[in-house]
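Below is one structure; the comments refer to it alone.
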Amino acid sequence: MVEGQAHVNFSEIDPGITKTLHSLGNLVLPNQDLIGSYSEAISTSFFEVYIGRNASYRPFLKSAYAEYLSQEEEFKLDLITGDSSAELIKSIETLSHRNSKRFLTHF
């Protein structure tokens, strides 16, 4: 999961959206090259481990490696694994509850 990133590159779906995104002064999105480098590093490791059966790449599928890759970057990379499922569910529920309260107070 890349901080500040949508699930898609909007400029590839609708090139006109780039103009709209740039018109939003406070909106800062990560550079697509940064996202690509994160994706390449994690994908390579994933395929080496699970397709190539190369266990020497397994350490690169840990959250510590994601932290290492993004340590100098404004937008961080987080690697979510099954080990973090319970914490992730709790965070989603808390966020959902908080946002539903905010939404309801606007009406």
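Could you please report the charge total around ILE80, scoring K, R as +1 and D, E as -1 over all other residues with beta-carbon less than 12 angstrom from its beta-carbon?
-2
Based only on other Cβ atoms within 10 Å, what is the fewest-to-most ordering of TYR57, TYR50? Working shown, then result.
Values: TYR57 16, TYR50 12.
Ordered from fewest to most neighbouring Cβ atoms within 10 Å, TYR57, TYR50 come out as TYR50, TYR57.
Can you compute 3J(HN,Hα) from phi for each residue in segment 31-46, using the Karplus curve 6.51 cos²θ - 1.76 cosθ + 1.60 with θ = phi - 60°, rounded to whole Hz and x for Gly and Pro?
Working through the residues one at a time gives 5, 5, 5, 5, 4, x, 5, 4, 4, 4, 5, 6, 5, 4, 5, 4 Hz.
Read-outs throughout are calculated quantities, based only on the coordinates presented, and are distinct from any laboratory measurement. All values derive from a computational prediction rather than experimental measurement. We place every Cβ from the backbone using ideal geometry, glycine too, and count neighbours over all the protein chains shown.
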